[in-house]
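The structure follows.
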Amino acid sequence: MNNIKRRWYDEDPTISLAVSLLENTDKKKQLECAGFIKEKSHSFNIYIPENKLEDSFNYFCKRWYDEDKEIADGFEYLKLMPFEMQKETALEIIEKLRESESC
């Protein structure tokens, strides 16, 4: 039996790919995608209380995306989305990053 703890985004290969691509892109694109995730969340009435965002940012800071509060917030919103919305958002992020590579 495998006891390795998986990250929340490793449960789905599409979401995992989007996170991996984000990790390996420049900070400007990471911030753009974090803003996109936040806007999309808000359009579906998904909000995180400000004190929860501050607590999670101050507590963890171990993951690559915790180095910047805006990016960490974007991932917190992505994590809270319903699964189908996470997957749709991941596909949109993959497409955005793919398009920016071909410019």
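The values are calculated or read from the model by the stated rules, or taken from the named source; none is laboratory data. Predicted model, so just to flag it, every value in this text is computed and none were measured. When we count neighbours, we look across all protein chains shown, and the Cβ atoms used for this are built from the backbone with ideal geometry, even at glycine. Side chains are part of the model used for accessible areas, which takes the heavy atoms of the whole protein and leaves out ligands, DNA and RNA. Shrake-Rupley method; radii C 1.70, N 1.55, O 1.52, S 1.80 Å.
Which residue out of Leu53, Leu17 is part of a helix (DSSP H, G or I) and either modelled with pLDDT of 85 or more or within 12 Å of the chain's Cα centre (by Cα) (or both)?
Leu17
Also, quick follow-up: From (1) surrounded by fewer than 19 Cβ atoms within 10 Å (Cβ to Cβ); (2) under 17 Å from Leu17 (Cα atoms); (3) at pLDDT below 95, pick out the condition that doesn't hold for Glu84.
Result: Glu84 fails condition (3) only.
Since Cys33 meets every condition but one in (1) assigned to a helix (DSSP H, G or I); (2) open to solvent by less than 40 Å² (accessible area, probe 1.4 Å); (3) at pLDDT below 95, which condition does it not meet?
The one condition Cys33 does not meet is (3).
Give all pairs with beta carbons closer than 7 Å in which a residue from segment 20-46 that is touching a residue at least 40 places away in the same chain (Cβ under 8 Å) and over 14 Å from Gln86 (Cα atoms) meets a residue that is acidic (Asp, Glu) and open to solvent by less than 30 Å² (accessible area, probe 1.4 Å); count only pairs at least 6 apart in sequence or on separate chains.
Between residues of segment 20-46 that are touching a residue at least 40 places away in the same chain (Cβ under 8 Å) and over 14 Å from Gln86 (Cα atoms) and residues that are acidic (Asp, Glu) and open to solvent by less than 30 Å² (accessible area, probe 1.4 Å), there is no close pair.
A further question on this structure: Taking the residues in segment 90-103 that are without any contact (Cβ under 8 Å) to a residue 60 or more places away in the chain and part of a helix (DSSP H, G or I) as candidates, determine which candidate is nearest to Asp12 (Cα to Cα).
Glu92
Does segment 1-14 hold any residues that are among the polar types (S, T, N, Q), open to solvent by 70 Å² or more (accessible area, probe 1.4 Å) and at pLDDT 95 or above, and which are they?
Answer for segment 1-14, where residues must be among the polar types (S, T, N, Q), open to solvent by 70 Å² or more (accessible area, probe 1.4 Å) and at pLDDT 95 or above: there is none.
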